[in-house]
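The values are calculated or read from the model by the stated rules, or taken from the named source; none is laboratory data. Owing to the predicted nature of the structure, the values given are computational and were not obtained by experimental measurement. Cβ placement follows ideal geometry from the backbone for every residue including glycine, while neighbour counts extend to all protein chains displayed. Heavy atoms of the whole protein, side chains included, go into the accessibility calculation; ligands, DNA and RNA do not. Shrake-Rupley method; radii C 1.70, N 1.55, O 1.52, S 1.80 Å.
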Amino acid sequence: QVQLVESGGGLVQAGGSLRLSCVASGGTFSRYSMGWFRQAPGKEREFVAAMSWIGGSTTYADSVKGRFTISRDNAKNTVFLQMNRLKSEDTAVYYCAVSRAVLTTSTSGYDYWGQGTQVTVSS
């Protein structure tokens, strides 16, 4: 049973930084991609960033490119999302997810999801 547990969310002022973590367990992730998504109140869940487990290829949503960085620690089955220069529009629940596909940005391409962690950016 694959489980994903996010942490690191919180309240931060605009311009500040947060680092989210996602620990994966219950599976072998060497052939998976890991992704981060977010969902603001009243909006659909949207893609933020993704990384292939092998090779480390990455892709980002245009809205976060240059501000957010996805990275991983293979030995700890952990994926990180470093978020810098945060804006009020980054406020959302952030979810990590695992995909058997290669760097898909679609929610339907992900097989397992974490429970989410709240990020609130005050202006």
Legend entry - The one condition in (1) among the acidic types (Asp, Glu); (2) at pLDDT 95 or above; (3) loosely packed, with under 14 Cβ neighbours inside 10 Å that Glu6 fails to fulfil: (3)
Inset, instruction - Could you check, for region 85-97, whether at least one of its residues is out of contact with any Gly (no Cβ under 7 Å at 6 or more places or on another chain) and within 13 Å of Ala50 (Cβ to Cβ)? - result: no
Inset, instruction - Working carefully through the options Val64, Val48, Val119, Val93, find the one that is touching a strand residue (DSSP E or B) at 6+ places or on another chain (Cβ under 8 Å), open to solvent by 30 Å² or more (accessible area, probe 1.4 Å), within 24 Å of Gly15 (Cβ to Cβ) and modelled with pLDDT of 95 or more. - result: Val93
Inset, instruction - Check whether at least one residue in region 8-25 is on the phi > 0 side of the Ramachandran plot and among the basic types (Lys, Arg), and report yes or no. - result: no
Inset, instruction - Give the number of residues within region 9-24 that are open to solvent by less than 50 Å² (accessible area, probe 1.4 Å) and either assigned to a strand (DSSP E or B) or among the acidic types (Asp, Glu) (or both). - result: 7
